[in-house]
Structure formats: structure tokens, C-alpha cells
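Inspection log for the structure reproduced underneath, given as C-alpha cells.
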Protein chains: 4
Amino acid sequence: MAQQKIRMGMVGGGKNAFIGAVHRIAANIDGQIEFCCGALSSNPETAKTSGESLFLPEARSYGSYKEMFEAESALPDDVRMHFVSIVTPNFAHFEPAMMALDHGFHVLIDKPMTLTLEEAKKLEAKVQETGLILCLTHTYSGYPMVKQARQMVKEGKFGKIRKVCVEYPQGWLSLPSEKDGNQQAAWRTDPAKSGISGCMGDIGTHAAQLAEYISGLKITKLCADLNIVVDGRALDDDGNVLLKFDNGANGILMASQIAAGEENALTIKVYGEKGGLEWHQEEPNTLRVKWLDAPMQVYRTGHDYLSSFAKHNTRTPSGHPEGYLEAFANIYRNFASTLAAGLNGTTPTPEMLDFPNATDGVRGMAFIENVVASGKSTEKWYDFKL
Amino acid sequence: MAQQKIRMGMVGGGKNAFIGAVHRIAANIDGQIEFCCGALSSNPETAKTSGESLFLPEARSYGSYKEMFEAESALPDDVRMHFVSIVTPNFAHFEPAMMALDHGFHVLIDKPMTLTLEEAKKLEAKVQETGLILCLTHTYSGYPMVKQARQMVKEGKFGKIRKVCVEYPQGWLSLPSEKDGNQQAAWRTDPAKSGISGCMGDIGTHAAQLAEYISGLKITKLCADLNIVVDGRALDDDGNVLLKFDNGANGILMASQIAAGEENALTIKVYGEKGGLEWHQEEPNTLRVKWLDAPMQVYRTGHDYLSSFAKHNTRTPSGHPEGYLEAFANIYRNFASTLAAGLNGTTPTPEMLDFPNATDGVRGMAFIENVVASGKSTEKWYDFKL
Amino acid sequence: MAQQKIRMGMVGGGKNAFIGAVHRIAANIDGQIEFCCGALSSNPETAKTSGESLFLPEARSYGSYKEMFEAESALPDDVRMHFVSIVTPNFAHFEPAMMALDHGFHVLIDKPMTLTLEEAKKLEAKVQETGLILCLTHTYSGYPMVKQARQMVKEGKFGKIRKVCVEYPQGWLSLPSEKDGNQQAAWRTDPAKSGISGCMGDIGTHAAQLAEYISGLKITKLCADLNIVVDGRALDDDGNVLLKFDNGANGILMASQIAAGEENALTIKVYGEKGGLEWHQEEPNTLRVKWLDAPMQVYRTGHDYLSSFAKHNTRTPSGHPEGYLEAFANIYRNFASTLAAGLNGTTPTPEMLDFPNATDGVRGMAFIENVVASGKSTEKWYDFKL
Amino acid sequence: MAQQKIRMGMVGGGKNAFIGAVHRIAANIDGQIEFCCGALSSNPETAKTSGESLFLPEARSYGSYKEMFEAESALPDDVRMHFVSIVTPNFAHFEPAMMALDHGFHVLIDKPMTLTLEEAKKLEAKVQETGLILCLTHTYSGYPMVKQARQMVKEGKFGKIRKVCVEYPQGWLSLPSEKDGNQQAAWRTDPAKSGISGCMGDIGTHAAQLAEYISGLKITKLCADLNIVVDGRALDDDGNVLLKFDNGANGILMASQIAAGEENALTIKVYGEKGGLEWHQEEPNTLRVKWLDAPMQVYRTGHDYLSSFAKHNTRTPSGHPEGYLEAFANIYRNFASTLAAGLNGTTPTPEMLDFPNATDGVRGMAFIENVVASGKSTEKWYDFKL
């Protein structure tokens, strides 16, 4: 029998949604996933129109996710969607995710996983209970050179890691654009939709995940200075955090959305006993590898000398730059390959299984709660609690 | 009635083909094109297997392009493919393209358009005769910052253009890898499959097209030094060319596949009376704009200050790097949008129509014939003949 | 009467001293200063030999600084040195500086100014009492693009400053090289010679001075995490510090000498309401200027569009890179020009007067004492005390 | 007996002269050379005033170089200048140089060595005849990373060299500024002062020297396209040249002074069988070293892993950028060390002897004559004649 594509439904992502479009591109790129149904908006009319413009069959462009899960559950095995992609704002992650799992659908969800740590733990428990798979799109861990960095640290190339510096400056919230009709700004600065943190929840979580992913270490203490720089905001739009890791290494995490003139300048530097590495998201195919007594090396995507993890997540030869959408697509592809292996009764490779999951989602929510608590504390060090 | 996706068939691009996979990704990304059928290999068995692994319906995975054109012609309007994508080596472009046009299918074709200038002219005539559309994938003109560069020159920001320097060094043919089973190397160094030029046909044409596309000028004279650097080759693997343009500007074009250690380092610098610009394919979202009496400006993809052409060819906000595959996809998307406009009876915008066509294909083949002729001449300047 | 060169004596800087050689080059470059005498080592024999190899007249190559100050005082006006340059390790700054002032000599001194804050205050008081001039070589504020940055902030180009991030990673103390005969490492890791801090005293002070110099702000609170990373050291070799400034801006200061693979990567980013700037010491002739809604601009040394302060501190046209030694020389030149103005009875320009002085030296020592105190505190924020 | 400084006289370089000031800085930096006398202008009054402002003793600030050579010849051995530095425009090199040699003085001279090839040959003959030393300031060969590049090629790290691409774009002559009182522009565009070539003589010679110096190869054929881009000029202000080298390698040399927006962007790329290198004058402490099958390495000034030639020409540790003035000073220092060795009866090391000499000067003048001849020829290839 012919292989089947993996079939995806989508919750959210209708007209004017930024991240929904990104998810669809990521799902499309490799031709392995079929976007077969959706509940694209909480407004049923918008949902329908969006479905049409996205070529969804009319019958499978649903008015609500509840309707979608029920209707899809009733479809035959070879038609029914395999997983749902949830691309709504943070406050609308938990309920559809739980319901999807209850209906037997795998789940892919944008970060942060939920609105609260409590929700995240419930979701993780549900995932374990059902045996279904949850994938979290921490995009930046999908880049091949990030995977190369992680592997080199893991193999001990740099000796013991001593210091991790991650910074994520953006400038797009430098003005109070949430008051000028910018929808992306509006929900991200609204506690009801974003949760207890603005900047740290939106991008600080990415920075923390990247730091732990590459270094293989866990944050154990933090000392946070969270700031509301633009007057009138309810949530932090900027923050600086000192870190301690479980092997004794120290670190800094900076995240800001008022760094005027910056685009999306996520950068990480990791230093070990024997050398260090440096990676810039805006120049993602380059990994600078520094040594104590030898010239810096510039590792580049697409070369034979890279690890299997880097190679597995690359589509083109060196010098043909892949970017953000391909990094995103790597997460989709690995997730879908893992699902396909499940369907085919084969064992997914370690490279396929390398995508963020529910446990990472819990850790991300814990980061948010800890960093906010530390920000309020007058004590220097705050113990990271899960 | 619901909008339809544009349906694509493919000739070539089966197992182990590099550029076929790139074409499919480019077609997939935006979810606007359906890959519905193919004749994926000249070997019918490989064609079938490839079709299966790419999720083609068995009935539409054809054993030959002739079979495909005939069978698809017989299908109903709302099922039949709209266009064929031809991704075979150069020698196998002309015949399927002509046949596709004769059967009423639009054509997308990899560059260089044909094996000879004569074929190119016949193909252009056939396009004009049929009124169908032919799109040529000069990938690099699909980058948003290349389009920005072209617009800025067009608007006269730099005054009269005085000098154009384009270089395209690659290192992947530094060793005689065509003798070691490298299939990509094998056909590109074989005159029967590539035509009268190796390096200049493969990448020199890209460089020449980019120079003319950005500057808005036409090459009128050239002085070529074509070299066979690796012993035993039949075709040039390196070359340096002096240029004159139709407004009196001078230029240099360098293309090499023996530039050891280089990846795909296509770079262009254009100088006018008032300033200049610089673009590097390996850092594609950055356009350096230089002025006589003011600081250099760094234009970046995704900003509001860019031209409509740059914006139209971008999917993500600034700082979320798009790359080679998106540039490729821009050509597919513009072509498909133009076809969709035709189907819907609307007029395509100038931004949609901005993709290379049959006339560009003829010019590319003329470049190859002229540069080879100049390379053999002992005269300094050779007039560019169409 | 012919103009005279400004005459310099030197304390320290004999054989094998790194920074002494740098000071001499800085004094030599512009041909305005004559190196006329010295007490080049605390070892009289080494002092003599060093003097000889540096072309000092035998009679003015002294065995001790006490001897030098006394002998020089007795020389005629047109022969006697004008100022003394003190280039010994930190612990040996205070005494010769006080003695020089007491003998009527101006003083130039390497940073940090003294061993303790108390000494620094005494020295500042003596400077005020004598009316003589003390210059402190915070090298990095001598770079033309640092001066340009300061002027742009001062002119309000970026609006109110919101955030200042400065980092100064070096890797040269990654190994315990003080145990392997590295003299530079030996004194810098020795509290008796360096004072209460290692890394923060040696390079953290540079970073703090740069942050305040460019932003025009003053640090008011800090939260320090100082680390001894290499086992067996008595002083910090690494640290991360959160900052608050007097206008409410926040900041981060990182300094490390165990950042394996780094050279001397002092970097600063400043963000205001309307834009920001970025400067890297290792690429010193470039100043990146970022805007909310316009392309980044790259300001470069040597251009007409720069401020008078940047131009005054540059010797060559744009594109002829000046570096660390010229930045150092700018401090010498401005100091010497100020002295020359004094001798000639003219008024020094603001550009000449732009060099670090005793008050900056006190502030640097206060930074060291505050950052060490904060590092020991369990409170998050520590008030900066002078 | 105490060591003496090497004593320098100067011809030209009075008020408003650009390159004279550079030469004096280069001579001053290392404190090894004493600027003791000069004939600083052809106008005796300007000569006197300039001498005064540069602290020359009144008696040794001469009204003409003839006067200087005669007067200095009459001074005692331990006072008389050792060498003369000639920093006048091209047309005024030959006569003072010959006269200096005839009076027994060593000569340092700015490039190009003379106005014509014929003069250059006479000067070379005179150097050989007198046994004196002539040093030519091809500045760019004084950079440590250029020396590193040369050594790596020499040691065969890249195998046989196949291709050399050198470009030298400047923008400062984009406008006809010679008509607006720009003195630098005025003499460089005047055949009577510059010779038969403008751009190629001024900067093309640097590019050619750099290409031969690093590659160790000699140009054997060239094909030149020389252009007068700005209307009304008598000499080339732009040019593109194809090259052949004596081992069969090919190359390109581009030099332009109408590349609007460029500063002094001399860049070279060399490709061999096993890898290649890339160096940019505006980022001089970085040497990119590329390999067929391994990550690019970034060699940086100041490291232990460098060759003795690179180390010998560096004053500071890695990360403390040295620049144009230090490269210039390296030539002075090596020349002066060679002279000092002569005075002391010791043998100069190969590192000291590594500065351009009269033979290089003849080759540079031959380059100018050949490139101009080729530019006028309708034949493609022109044999390089000495």
C-alpha cells in the first residue's frame, strides 16, 4: 500500500495571523504533511473565509475546534487528521490541546505551551496518560547549526562548560504600538492573553530553551531584573537575568522588545575550558567555534564535516542559505516523521525524535513563573522550581 | 466557486536529483501549488518508485513525459495539470518544453533554458505563438533584496551606473569528482549533457542575469578568459570576463567552480555616480547601500521602508531570515499567481509578473555562446550577438 | 621662540613590560612628546639596561622614581620633564603619583588609578590642591567612533537612553597561566599587586567607564555575580553585573577573562527611544547606528559627516584603519596638547580636554569597591557609593 | 657605546601634505628613528614654517633637498642623517633619490618609485652601484596578516596556486574634485605629476604588488581595460585587468577611484588546489583561510600560531587592533633595523629584510607601462615586459 502523507488540522491562524502562516509554510515545505482541515478562527465567519482562501475543502473548514475534533473523529482512518496544530495566542492553547488529546489526536503547539505552569503540568500528564505525542515549536532549536553546537558540547569538544550568555533583543515594541491597532502587540502586552509575563514569556523562553538545549545544562538559580520600559504597559517588555546552571556554570540572559533598531537578534555564546562557540540567529548558517590556541573555525550548514543531527535538518548544499522557515519546518518534519514511524511500525531515529516536547513545555512555563518571581524578589538568588 | 490550487506536473527530479527536490520545495512552500503528476525519471521504474515516495497518485506517475502530456491532456479541466516543471539536465529541456507547449501546458524550466541558442530561439517563438507562459528559474533574481537593488537603480538613486562587478566563486569542482561517482559533477562536465560551456553555462549565466537584472543594463561587449583548470576536463571550470554595457558602463564577471573553499559565493557590486550597492547571496537579507557623502546604509528584508517588489517577495518580519528556497519559491509563486490571474480573468500585478521568461532564456543562451566565442578569440573585445 | 616638545619621564615599563611599550608608542606616534627620562624598573640594573636600549641619555636613566623626581626638579625649565607616565602594576601607582605632583610634575597613569578607593580620593585631592593635571589611560574612550557615539547620544539622536549592554570577554586567563611563569597573569591574579578584584579591576573598569562615557549616564545601583572560575585563584576572573543608571535606564555589564577563545572583545550596545548604537573594539572604525523605521547606518572613521570630536582623534582618511595604539595615542595627544596650551598660555579646546582625569579615576576605583561589595551581598540591589 | 637612533631626513611632506604626515608617524612609532632634518617643501618659506611646527632644529630645516644633502654630508658621523625619506609626488622622486644616493644616503621612497620605467631602472642601477639601500613603501605588504598569507602560500599549504583575484575600489575621485581645490586629486590626475597612469599608477600598483607578494608568482600576461569615467580627465580613473601568472594561474585585478561609496577597500583572494585565503585591508587583522573539506579558519594578528614574519611585524596582543599606520611603520622599522644592523656590523634577519626595494620599484613601474600599453591594444593578451 502507498505511503500516506501525515494529515494536519489547524486551530487558529486565520486572516491576519502571523504565526499561523508560518506554521503552514513549515508544514508545507517538505511535501510530507497535508493540511486537511481547520478551525481557523474563533469567529466562525472568519474561519470559513480563511479556509476557503487556504484551499480547505468546505466540509472540513470548521466553525470551532470542538466541532473539528468531533467531526474528524468520525471520519475513516485514511481520511481523518493525524494531528492538530494549535497556533492561537497563549491563553487559547490549553483547552484545545487537552480536547485534541482526549479525542486521540497528536498535538503540535506554539510556545509557550500554556498560560500557566499549572496548565502545562496537566497537559504533560495528559500526554503521558494518552501516549500521544506533543511537539512544541521552539523554532530556534530547529536550526542545523544549533544542533551542531549541541552535539559539539555533548561530545566534550569544549571541556566543562563554564559560562553561557544568551541575548534576545528585539525593537518592535519600542513604541506603544498596541494602542495603534497592532494586533500582534495587543495580545502580547495583555495579561489575559499572554499570562504573567510579556517579553520573558514571548522571547525569554526561547532564549532559556536555547541556552539549555545547546549547553545540555539546567538553570538552577536566577536573579531577574524585569522592566516595563514603555509607560502604561501591564507586562514586562524588557529584562536582564543572571543565571546559575547545574554544573556550576554561570550565565546571563537578556531579552528585550524595546531594543530600538534590533530585528530578531537572538545570539548565544557558550564558553568551556577548551574553547567556545557563538551563534547568531540572523546569520543562522554560521557557527563560530573558538579555541584557546588555534584559529577560530567557522562551521557552516551543508558540509560533510557536520554531525548527523545538523545534516538531517538541512535540505540544500552549503552556500544555499536556509533560514527561519526551514528551522520551523525541521520541527514539523521531525515530528511528522516520528508520527509516520508510529504508523508504519518502525522506530524513529534519534534525529527524528529531536524536537521539543511536553516536558520542555513544562520547563518553559516554569522559567516564566520563576523569572517573574525572581523579578519581584529583593533577594539576589532565586531557586528555580519546577 | 472555490479557488483552485495551480496544478503542477514534473519532468525529471526523481531519486538523487538535487535540483528536483529544490523545485518541489519551492512549489510546496506557499500551499498554492499542487504537485499532481510527474514523469520523474527517464527510467520508468525509477519514475514509478520516485512518484510513490513523493505521494503521487499511482495513475499520474508516468513512465515518460510524452505519456504524461498525452494522458493529462485527456483529463477534465479541473483535474488536469496547469503547468509542467522541467528539472532535467540542460540537454533534456528543449524537447519536453516544446511538447508541453504544443499540448497547451505552461512551462517552468531550470536554467540555462536549452542546450543551444538555436533551441532557445525556437522555444521563445513557440511561446509567442501559443500565448502560453514560460518561466525560467534564475533563482537569485527571486531574492527580495535583489529586487530592492533593482528598484533603487531604476529609481535613479545612484545616478548613472558606471561599473558592475559580479563574481560567482564555488569550490565544489576543485577535484575531478566527476570521476569519483559524483553525478552532479558528471553531467555538468559533459558537453553532451551541458552544452558548449561548463562553469559559464552553469553559474556564469546566473551572474550575467543578475548583473543585467539589477543594473537594468545590457551587456554589449565582452572579453573572456575561460579556463580548464582541472586536468582532463572538456569544458571550462573557471573564467574571468571583462564587460561593456549599453550605457557605457564597464564591468567584470568572474565565475569559477575551482575556487577551493568557497561555497556558493555569488556577489555583486554596482557603482553609480552618487553611490553604490553590494549584495552577497550567502547573506541574502542584507543589501549594503553606499553613498558619496553619508554613512553606508544596511537595507534588510522585511522592513516597511522597502519597495513593493521586495515586500511582495517576503513572508516573514525582519530578522527572520529567508533564504535560497524562499527565493526559489518566489519565482514559483509569482509564476503561479500569474497563471491564477489568467484563470480568474484578473490582471497580474507588476510584482507577480516579475519572473524570468523565455526572452531571458534566449539572452542566457546568447551569453553562453558569446562568452565561449570570446574566450576563443585573440581580439580583446567581442560584440555580444543575440 | 620655537615651540617645544612636551617632555615625558616614565616610571616602570622596563624590559618585558607589556603596557610600558604601549605607552611609549602612544607617546611617540605624533612626534609631539619627547621621552626624555625614566626610572624604568624597581631593579636599578634593569632600569639602566632598559634605558639604554630605549635610547635614554645615561644621565637621565634613573635608578628610582624618587631619584628621578629630585634630579629632574633641579634641571632647567627647558630641559626638565613636563610630566611623568606611570605604567607600573596597580599597587605602585599611588606613591609615585603623589610624589610627582608634590614635585610639580603633571601625571599620566594607567588605570585603575590606584590600589584602593581611599588612595584614589587622596590623589584627586592632591591634584585639586596642586592645580596640576592627571590623565588616566582608559584607552577605549580614545577611539574616534566611541567619541562619535558619545556625541550622538549627547545630541539626543536616540532620545532618552533606556538600556546599556556592555561586555568584555577575554580568554587569556582560561588556564592557570600565572603558575606557568606568565608575568602578566601573575600580578593580575595577586591581591597584593592588583587590589581587591581581578577581572573587574582589570577590564570591568574599562567596561564601566565606556558605558558611562558613551551614555552620559551614571551607574546608581548594581547587582554583581563575581566568580572565581579557575581553581586556586584569590580574585575574580569572571563576572556578570546588572545595572541601574541615574535616568532609570537598566543595563548589563559582563567581564570575563576565562571566555576561552576570545581575544579582547569589548562591545557595547546602547538603546534609546528612537534608535540605538553598537560598537566593537575589535572592529573599532565602525559604529552601527540603528533606527526604528529606517535602515541601519554604518558610521566609519575618517568621514566628513562625523563630529569634531571624532575627527580630532583621527589621523588618516576613511578606509585606512586606525587601532588600539592610535586610541591610546589620542589620550596622550589630548593630554599633551592641554599641557602645551598651558605652556603657551592658550585655552585648550573641548576636544583637547576630552581625556579621563582624576575624577574618572576615583569613579573607577569606586566601581571596583561597589562591585566587589555587591558580589558579596545577598541583596539584589546595591547602591553605588562614591 | 650607547646605541644610536637611525636618523631620518625628509624631502617633501610640508603643510597640507597627506602622505608626509603618515611617513612621520610611521617613523616615530617605534622610537627607533629620529627625524632630524628636512627639506619639507619646494617653497623655502613653507619649508621653514613646516620645519618649525614639526620641531626641527632651525639649522637643519633646509630650503631645498640639494642644500640638505650638501649640508648633511658635511656634518659629523654621529649627527648626519642616515637616510632620506622622499614623500613628494611621483614626478619629484627620481632626482632627489639619485642625489641622495650620490651623497651616500640610504633612501626610502613612496610608491610608485619614479615617473617612468626608464627612471626606475636608472635608480635601481645606482642602488646596485652604491651598495646603499632603497626601501619602497608598498604599505599593504607591511600588514602582519599579509605576511602570514605569503608564508602559508610559500609553505605549500594550499598546493599549487590556481587563481588570484585582487580588487582595489576607492570612491574619492567619483566627482571631478581636482577642479574644486582638492590638492590630492589635482596632482594625481595630472600626467605631468603622476605619469602615464592615474588609478593604475596610484593604487593598481599596490594591488599588483600585493598579488605577487602573497602568491609568490609573477604576472606574465595582461589584458587591460582602462577607463576615464569622469569627463575631462587625462588619465585613467578606473580599470579592470585579466592576468596570467608564471605558473599558469589566472587572475583579475580591478582598481577604481570612481567606485562611489568605497573607502580603501583593497581585497585579495587566492585559490590553490587544496584551499584558499582572503584578506581585506579594511579588516586587516583577520585572514580567512578556506579548505576543501574542513571549516574555514580565521587567523588573527597577535597569536602564537602565526609565522615568525607575522609576529615580527606586530606590537600588541591579539584583539588589540593594529592598522594602516602600523603596517607603514613595519616597513620603516624593518628598513631601519636593516640599517642599524649595517651600522652595528650584524646580519639582518630575513624578517628585517622583508621590505620592498628598488627591484620591486622597477617591477611596479613596469606594471604601469605594461597595463597602459595593454589598455591601448586591441589584442587580448599583452606580454608583460620588464
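Are any residues in the range B:1-14 within 20 Å of the chain's Cα centre (by Cα) and either within 9 Å of chain A (Cβ to nearest Cβ) or under 22 Å from B:GLU326 (Cβ atoms) (or both), and if so, which ones? Residues satisfying the conditions are B:MET8, B:MET10, B:GLY13. Can you name the residue in the range B:262-274 that is touching a His at 6+ places or on another chain (Cβ under 9 Å) and in a loop (DSSP other than H, G, I, E, B) and is also farthest from B:LYS244 (Cα to Cα) among such residues? Once the filter is applied, the top-ranked residue is B:GLU263.
No other residue among D:HIS320, D:HIS280 is more than 19 Å from D:GLY216 (Cβ to Cβ), more than 7 Å from every other protein chain (Cβ to nearest Cβ) and not basic (Lys, Arg) apart from D:HIS280.
Of the residues screened, B:ILE268 is one that is under 22 Å from B:ASN370 (Cβ atoms), more than 10 Å from chain D (Cβ to nearest Cβ), buried (at least 22 other Cβ atoms within 10 Å of the Cβ) and in contact with a helix residue (DSSP H, G or I) (Cβ under 8 Å, 6 or more places away or on another chain).
For D:ASN285, the criteria (1) touching a Pro at 6+ places or on another chain (Cβ under 6 Å); (2) at the interface with another protein chain (Cβ under 7 Å from one of its Cβ atoms); (3) not basic (Lys, Arg) hold in every case but one, which is (2).
The set of residues in the range A:33-67 being within 23 Å of the chain's Cα centre (by Cα) and crowded, with 24+ Cβ neighbours inside 10 Å consists of A:ILE33, A:CYS37, A:GLY38, A:ALA39, A:LEU40, A:SER41, A:TYR65. Of all the residues in the range D:228-255, those that are over 22 Å from the mean Cα position of the chain (by Cα), outside any loop (DSSP other than H, G, I, E, B) and crowded, with 22+ Cβ neighbours inside 10 Å number 2.
Among the residues of the range C:180-239, those that are more than 26 Å from A:VAL164 (Cα to Cα) and among the polar types (S, T, N, Q) comprise C:ASN182, C:GLN183, C:GLN184, C:SER194, C:SER215, C:THR220. Taken over the range B:336-371, the residue count meeting the criterion of being in a helix (DSSP H, G or I), among the aliphatic types (A, V, I, L, M) and in contact with a helix residue (DSSP H, G or I) (Cβ under 7 Å, 6 or more places away or on another chain) is 6.
Quick check on the range B:15-32: of everything there that is within 11 Å of chain A (Cβ to nearest Cβ) and of a type in the set (D, E, K, R), which residue is surrounded by the most Cβ atoms within 10 Å (Cβ to Cβ)? Out of the qualifying residues, it is B:ARG24.
Table: residues versus (1) surrounded by fewer than 24 Cβ atoms within 10 Å (Cβ to Cβ); (2) touching a strand residue (DSSP E or B) at 6+ places or on another chain (Cβ under 8 Å); (3) over 20 Å from D:ASN90 (Cα atoms).
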{"position": "D:PRO112", "(1), (2), (3)": "no, no, no"}
{"position": "D:LEU134", "(1), (2), (3)": "no, yes, no"}
{"position": "D:THR139", "(1), (2), (3)": "no, no, no"}
{"position": "D:LYS147", "(1), (2), (3)": "no, no, yes"}
{"position": "D:LYS154", "(1), (2), (3)": "yes, no, yes"}
{"position": "D:PHE158", "(1), (2), (3)": "no, yes, yes"}
{"position": "D:GLN170", "(1), (2), (3)": "no, yes, no"}
{"position": "D:ASN182", "(1), (2), (3)": "yes, no, no"}
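Can you pull out every residue in the range C:351-386 that is under 23 Å from the mean Cα position of the chain (by Cα) and acidic (Asp, Glu)? C:GLU351, C:ASP354, C:ASP360, C:GLU369 - these are the residues of the range C:351-386 that are under 23 Å from the mean Cα position of the chain (by Cα) and acidic (Asp, Glu). Restricting the search to the range D:239-257, which residues are at the interface with chain B (Cβ under 8 Å from one of its Cβ atoms) and touching a Pro at 6+ places or on another chain (Cβ under 9 Å)? Once the filter is applied, which keeps residues that are at the interface with chain B (Cβ under 8 Å from one of its Cβ atoms) and touching a Pro at 6+ places or on another chain (Cβ under 9 Å), the range D:239-257 yields D:MET254, D:SER256. Restricting the range D:226-280 to residues that are acidic (Asp, Glu) and in contact with a Leu (Cβ under 9 Å, 6 or more places away or on another chain), the residue that is nearest to D:LYS147 (Cα to Cα) is D:GLU278.
For D:LEU386, the conditions (1) surrounded by fewer than 17 Cβ atoms within 10 Å (Cβ to Cβ); (2) within 21 Å of C:GLY323 (Cβ to Cβ); (3) aliphatic (A, V, I, L, M) all hold with the exception of (2). Among the residues that make up the range D:361-380, is at least one of them closer than 29 Å to D:GLN4 by Cα, hydrophobic (A, V, I, L, M, F, W, C) and either within 14 Å of chain B (Cβ to nearest Cβ) or in contact (Cβ under 8 Å) with a residue 40 or more places away in the chain (or both)? No, there is no match, as no residue in the range D:361-380 is closer than 29 Å to D:GLN4 by Cα, hydrophobic (A, V, I, L, M, F, W, C) and either within 14 Å of chain B (Cβ to nearest Cβ) or in contact (Cβ under 8 Å) with a residue 40 or more places away in the chain (or both). Looking only at the range B:217-227, residues that are buried (at least 20 other Cβ atoms within 10 Å of the Cβ), touching an Asp or Glu at 6+ places or on another chain (Cβ under 8 Å), assigned to a strand (DSSP E or B) and in contact (Cβ under 8 Å) with a residue 40 or more places away in the chain come to 3 in all. Just to be sure before I move on: is B:LEU325 within 21 Å of the chain's Cα centre (by Cα) and not in a helix (DSSP H, G or I) in the structure I sent? Against the criterion (within 21 Å of the chain's Cα centre (by Cα) and not in a helix (DSSP H, G or I)), B:LEU325 does not qualify.
Among the conditions (1) at the interface with chain A (Cβ under 10 Å from one of its Cβ atoms); (2) more than 23 Å from the chain's Cα centre (by Cα); (3) among the hydrophobic types (A, V, I, L, M, F, W, C), the only one that C:VAL298 does not satisfy is (1).
Each row is one residue, and each column tells you yes or no for (1) part of a strand (DSSP E or B); (2) within 14 Å of chain C (Cβ to nearest Cβ); (3) at negative phi; (4) within 25 Å of the chain's Cα centre (by Cα).
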position: A:GLY276; (1), (2), (3), (4): yes, yes, yes, yes
position: A:LYS290; (1), (2), (3), (4): yes, yes, yes, no
position: A:TYR305; (1), (2), (3), (4): no, no, yes, no
position: A:ALA310; (1), (2), (3), (4): no, no, yes, yes
position: A:THR316; (1), (2), (3), (4): no, no, yes, yes
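For the range C:109-144, a residue qualifies if it is in contact with a Leu (Cβ under 8 Å, 6 or more places away or on another chain) and small (Gly, Ala, Ser), and exactly one does: C:SER141. Condition (residue is β-branched (Val, Ile, Thr), at pLDDT 95 or above, touching a strand residue (DSSP E or B) at 6+ places or on another chain (Cβ under 6 Å) and not assigned by TED's automatic domain parsing to the domain that holds A:MET10) applied to the range A:317-340: is it met by at least one residue? No: the range A:317-340 contains no residue that is β-branched (Val, Ile, Thr), at pLDDT 95 or above, touching a strand residue (DSSP E or B) at 6+ places or on another chain (Cβ under 6 Å) and not assigned by TED's automatic domain parsing to the domain that holds A:MET10. Residue count for the range D:298-316 satisfying the condition of being surrounded by fewer than 20 Cβ atoms within 10 Å (Cβ to Cβ) and touching a strand residue (DSSP E or B) at 6+ places or on another chain (Cβ under 9 Å): 2.
The values are calculated or read from the model by the stated rules, or taken from the named source; none is laboratory data. On a predicted model such as this, the values are computed, not experimentally measured, just so you know. In this analysis, Cβ positions are derived from the backbone assuming ideal geometry, glycine residues included, and neighbour counts consider all displayed protein chains.
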